[in-house]
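Report on one structure; see the data block that follows.
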Amino acid sequence: MQTMLLAGGIVITTAAAGWGEETVPPNLAELTIEELMNVTVYGASKFEQKLSEAPASVTVVTSDEIKKYGYRTLADIIRGQRGFQVSYDRNYSYVGVRGFGRTGDYNSRILLILDGHRINENIYDSISVGNEELLDVDLIDRVEFIRGAGSSLYGNNAFFGVINIISRKGVDFKGTELAGSAGSLDSYKGRASYGDSHPSGLAALISGSIYDSAGNKRLFYPEFNDPATNNGVAQDLDYERSYNLLGTFSYRDFTLQGAYVGREKAVPTASFGTVFNDPRYKTFDYRGYLDLKYGHAFGSLGVLARLFFDHYDYYSKSPYDLAAAGDPPNVVMNRDSADNNWWGSELQLTRTFLQKHRVIGGGEYQGNLTQRQDNYDIDPYFKYLDTSHLTKKWALYLQDEYTILPNLVLNAGVRYDHFDTFGAAVSPRAALIYSPVDKTSFKLIYGEAFRAPNSYELFYDVPAFDQKGNPALKPEKIRSYELVFEQLLGDHLRLIVNSFTSRIDNLISQQTDADDMLVFRNVAGAETTGVGTEIEGLWANGFKGNLSYTYQEARDSDTDDILVNSPQHMVKGRLTIPLVADKLFAGPELQYMSSRKTLGGNKLNGFVVANLTVFSQKLLPGLELSGSAYNLFDTRYRDPGGADLTQDSIEQDGRTFRVKLTYRF
Amino acid sequence: MTLLYLISKLCGVANRRQVTFAGLVVLLLVFPVLSGKALAMDGLAEYEVKSAFLYNFAKFVEWGAQGTAGDQQELGLCILGKDPFGGGMDAVKGRPVKNRRLVVKQINGIDEMGQCQILFISSSEKGRLSEILAAVGRSPVLTVSDIKNFAQTGGVIGFVTIDERIRFDINQAAAERADLQISSQLLKLARSVVQ
């Protein structure tokens, strides 16, 4: 019996073959047309390209893995990736990479792209990876993790890497799909999707999801263990509600996509000096966009044009006790918000010259329509901040993939970004990709990337909070050298070794000035060096696995100390074990992170977290059923907290469960 | 086993169960590697997949009497123009189809089309497409190409790539002109059928 599996591409296997039996090499010719239609032939560096030829170390997670490992959010997916880490402060999730996970920073040194659309918003330049992320992970077709400096092609925020999400389209559905899940901590999620494609070239997908979790009923924080603060117990303050909407419509060369997410999260940690155990402390995040894309090939000239409108709105309602020490409490609700709208367009041309030069060139413009930060006490009303700084930026880029010899490629590119806040940023990258023999490839890469100072750092100016803005900030800059070695072992096992060393200058850090005011300045520097190695494999009986190890040292340039929240070792492994051919799979996952330093100078122990998902499909037509246990061994571990927290570190969830049912018809 | 050692060393902080689990994971991962049973990974080259499509098309098309005259042992798949397949055809070359052997050959002009049941027109021939299709005329040949709008301009099967997946359009009228019977199963899978 022939079976097909997907893994970053495709695998074929004789499912009936057991361990000891001889297996045939994968042969596409033995696939049916339906199976061939599911094979992806994909691209990594803005145009179609094989992973081994991309000017970076790239790994891919597919929708198949998302199901089989029971991933609930993008954060779950990221945690399993070589060199990546995610920490959580019970409000937002923070992505660290290459040992750089400085607390108090938002996710602005990673660029997130969804179907070619830039997701980082325009106030904090951050991305969301928890339930406040735009796309329900069920709708992900594939996520590409492109490591290293990527500003030469992608501009701002492509500092340590790019996470590129490609969503599932109407043609992948051909009907209706309903999904429902229930899990520990009273967590429920439902989704309805409908997608279809028509021979005329018309395709559509619409989907909506809703999530509700009560969270932990009681969270104990010893830092607040006082009768006046409920003995350190935050009661019913961990709940979270979110919803996602997605619509993708395409007709011939045009694609119109709209996405929206809204999330409400109660904050149990009394961050930012708020009153502890006050049920009114919540944050709200809304993010959405409309994106119209046109792609057409005029002969050998590929044209891609894009016009988009984006929205991001955040606000928090925070209780503050304004009473002087010793006086009875005088709690006032404060509202902090960022309200943002922007539009932009992009034009990109691709052409091959003399059969040796594949050239990609383009330009981008982004104009901000609303860029407002606002802070006030609700009752009695008092305004602390209401600032609107409309900024805009544009960029031009050019990249040439020059095939010097059939097995030697030089990929060189440069991008010029212009921000009206600080001026210009130039980001070059050069990669030499050498394949001495068919299954081996070496990549030597030098790249520079930047992160522009964001509106929060520039313009958040509230003397009453002892915080002032700094419109003179310059961008942060990274210079990075990488060596990537990729080897297909045996027939189709892939080994990757990726070493890197980067120097970061002009890091924006919050300082206390002589006048006791907090201010952001380009004062810090860091160096991060490391090596990651990863082995990916797929076996004849449907067995699939991935094991990676990362060693990294991220140090402060001035003190030479290892950075806060920077584990030196990480090990990640995941397996898909077919229990009943093509029908029932076990997906164990294991993640180890070594000790990390906290802001308070403490050391958090290293830990191992194991997850296990049992996934079944085709038991009944159209039905998929899965059961997952997260943190299977109930490991107690903590993530470092930011300066906004009284707690130096935040304990993470113990063992939780989820069951999920998906039905397609 | 160095990996196992590494893991257990790194898991110094972990308890026994976790180390056991880690060991199990590593063993499961390493064992099949050592026994050399690895299978495919990585993204697939577009033309490897297209070659498999071509082979499959042959199974779903019936040639008229004239089309199957000539060599009864071979079914000719001809590539007209610059060969984009590289080694991609190796997997299908010589495979049995309709009791014949699939023979792949590269041709440089339509005059060499004699023994071709399937004609793949490379995108290098884009500029000459209308001449080529005119020259093919009513010959009993299954024309396939990934030149844009191939099926719409009179070819029989045109590849299109949508969301990195390969789809195809079929021109029913062109198939009839060439006296080809395309199975309803294939027609059903087509993105669009041009009448």
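No lab work stands behind these numbers, since they all come straight from the coordinates. These figures come from a predicted structure and were not determined experimentally. A quick note on method: Cβ atoms are made from the backbone with ideal geometry, for glycine too, and the neighbour counts reach across all protein chains shown.
Brief remarks on what is shown
- Label point of A:Ala464 set 7 angstrom out along Cα-Cβ; within region A:317-347, amide nitrogens under 11 Å from it belong to A:333-335.
- Take each residue in A:606-619, count the other chain C-beta atoms within 10 Å of its C-beta, and the mean is 2.
- Listed values for region A:564-574 are Karplus-derived 3J(HN,Hα) couplings in whole Hz (6.51 cos²θ - 1.76 cosθ + 1.60, θ = phi - 60°), namely 5, 6, 10, x, 7, 10, 9, 10, 9, x, 8, and x replaces Gly and Pro.
- Taking 0.36 nm per residue of separation and subtracting the Cα-Cα distance, full extension of the segment from A:Ser595 to A:Asp386 would add 71.1 nm.
- A simple spin-label model places the labels of A:Val659 and A:Asp186 2.0 nm from each other, with each point 7 Å out along Cα-to-Cβ.
- Tensor-based shape of region B:46-194 (alpha-carbon gyration tensor, a/c under 1.5 rounded, otherwise prolate or oblate): rounded
- Point-to-point label distance, B:Asp179-A:Leu619, nm (Cα→Cβ direction, 7 Å offset): 5.5 nm
- Cα gyration tensor shape of the protein assembly as shown, rounded if a/c is under 1.5, else prolate or oblate by comparing a/b with b/c: prolate
- Other protein chain Cβ atoms within 10 Å, averaged over every residue that makes up A:582-593: 2
- Of the peptides A:384-395, B:111-122, the ranking by mean beta-carbon count within 10 Å, highest at the top, reads B:111-122, A:384-395.
- Counting only other chain Cβ atoms within 10 Å of each residue's Cβ, the peptide A:296-307 averages 1.
- Using the rule -39500 (n - 2.57) for each DSSP H run of four or more residues, divided by the residues of chain A, the 222 nm mean residue ellipticity is -1000 deg cm²/dmol.
- Report note on the peptides A:108-115, A:278-285, B:168-175, A:512-519: ranked by the mean count of other C-beta atoms within 10 Å, highest first, their order is A:108-115, B:168-175, A:278-285, A:512-519.
- Ordering of A:546-555, A:349-358 by packing [mean C-beta count within 10 Å, highest first]: A:546-555, A:349-358
- Spatial separation of Cα centroids for region A:622-650 and region A:155-230, in angstrom: 17 Å
- Near the amide H of A:Ala270, within less than 5 Å, lie the amide hydrogens of A:Asn277, all on another chain or at least 5 residues away, with H placed in the peptide plane.
- Dipole size of region B:46-194 about its Cα centre, with +1 on Lys/Arg Cβ and -1 on Asp/Glu Cβ: approximately 260 debye, rounded to the nearest 20.
- Shape class of region A:102-257 from the alpha-carbon gyration tensor: oblate, with a/c at 1.5 or above and b/c at least as large as a/b.
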